[in-house]
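The structure appears below as structure tokens.
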């Protein structure tokens, strides 16, 4: 499924906080980077929100490199090469690790030996980049299809199936490797920038699972305290919001949404009571986003004056969103708090894919969900009267 995610808990992404260490032990990292003559390879360690440079070396004709790192607990390290995505290593004390790669393909075709944790990370990473490649390919096919609704719906369905399959593998991976920090890497995977694999409110279960395991196996790591604390804050926030909405909408069948539009004015979903409303959750950053809005725009024009669209954006960059809206020529109400997947409204409405929509009747009742293309047209014709 396409994702939603949880705001601040995701700020550090895959950043790992190591506890204060005493009696640190040596990890040795070496290997060869083919076709890397005169390039600089860097070794970095993650802290709670920043990467800390540890060492660097200029590669010679053979491409050989050697690093030493002082560690006391398992942790995440990066091998970086300018212009390439980094190789993520999960290193433990006393390991002697060999990494071989090619400068041209670097993170996509490396081998690693001598580090069990790094092999686990590589397993998830290789599957993730394969998934991304397939999703990107499907996105290009979708653009070429234009307004061919049956073809687009098939493409979206295939994309969802691919992502769901990877998610199920990742869940099994975390359950199997619950005593490894590799579960953190699996938990914080991003399908695209800012779009996390584990993103729905139901995924809180996996955050609790990983945090609890960290607490049991690595009680002194800061990441344990951070994940538990952020999880508790999020859980409390969602519960409080739901209670408030039950009170505020006691006379309504729907939870209220009150978010600012692009001009900064708060617009309430309830202000459209008495009209047929398409409540649409969307983000401009997702592959195929402009195609989604183009399809919705065509339907909007067909039912102009009879249907309104209340679109909740899960973007985090206001300028980028406004640019996308201008490019698409969107005439309807678009609101956002720019917290991305931390948007509480998305959690309350249990959004689990993007785009996702609810069809609301004049009686302010939900009469349809996740209807697109001709299915949406048919439902609107049925209820507009």
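Every read-out reported here was derived from the displayed coordinates using simple, explicitly stated rules and does not represent laboratory data. Everything numeric here is computed off the predicted structure, so don't read it as measured data. Note: ideal-geometry Cβ built from the backbone for every residue, glycine included; neighbour counts use all protein chains shown.
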Query raised in the report: With the contact rule set at Cα under 8 Å and sequence spacing of 6 or more, what percent relative contact order holds for region 258-383?
Result: 33 percent
Requested in this report: Would you order 276, 40, 121 from fewest to most other beta-carbon atoms within 10 Å of each residue's own beta-carbon?
Outcome: 40, 276, 121
Query raised in the report: Length gain on complete extension for the stretch residue 168 to residue 105, per 0.36 nm per residue less the alpha carbon to alpha carbon distance?
Result: 19.9 nm
Query raised in the report: So, in nm, how far is label residue 363 from label residue 217 when the simple model puts each one 7 Å beyond its Cα toward the Cβ?
Result: 5.3 nm
**Report entry** Highest-fluctuation residue, 160, 375, 55 considered, GNM on the chain with Cα pairs under 10 Å
**Finding:** 375
Query - Crossing angle, helix 222-248 versus the chain [Cα axis fit, 0-90 degrees, rounded to tens] - result: 10 degrees
Query raised in the report: Rounded to the nearest 0.05, what FRET efficiency do residue 26 and residue 266 have when you use their Cβ-Cβ distance and R0 = 51 Å?
Result: 0.35
Query raised in the report: Against the longest alpha carbon principal axis of the chain, how many degrees, from 0 to 90 and to the nearest 10, is the axis of helix 289-302 turned?
Result: 0 degrees
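Quick check: residue separation of residue 192 and residue 297 times 0.36 nm, minus the Cα distance between them. What number comes out in nm? Walk me through the numbers before you get to the answer.
Values: separation 105, 0.36 × 105 = 37.80 nm, distance 2.46 nm.
Between residue 192 and residue 297, full extension yields an extra 35.3 nm.
Could you grab the relative contact order for the chain? Cα pairs under 8 Å, six or more apart, rounded to a whole percent.
On the way: 681 pairs, mean separation 66.5, N = 385.
Value for the chain: 17 percent.
Starting from the Cα-Cα distance between residue 384 and residue 161, subtract it from 0.36 nm times their residue separation and give me the gain in nm to one decimal.
So the extension gain works out to 77.0 nm.
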**Report entry** Tilt relative to the chain, helix 149-176 - C-alpha long axis, 0 to 90 degrees, to 10
**Finding:** 40 degrees
Report summary line: Zone reached by a paramagnetic label modelled 7 Å from residue 141 Cα along Cα→Cβ, restricted to region 156-176 with backbone N below 20 Å, covers 156-167
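Applying a 10 Å radius around every beta-carbon, put 302-315, 346-359, 260-273, 25-38 in order of their mean neighbour count, most first. Write out the running numbers ahead of the final one.
Numbers: 302-315: 19.0, 346-359: 21.0, 260-273: 13.6, 25-38: 16.8.
Per-residue mean Cβ counts within 10 Å order the peptides as 346-359, 302-315, 25-38, 260-273.
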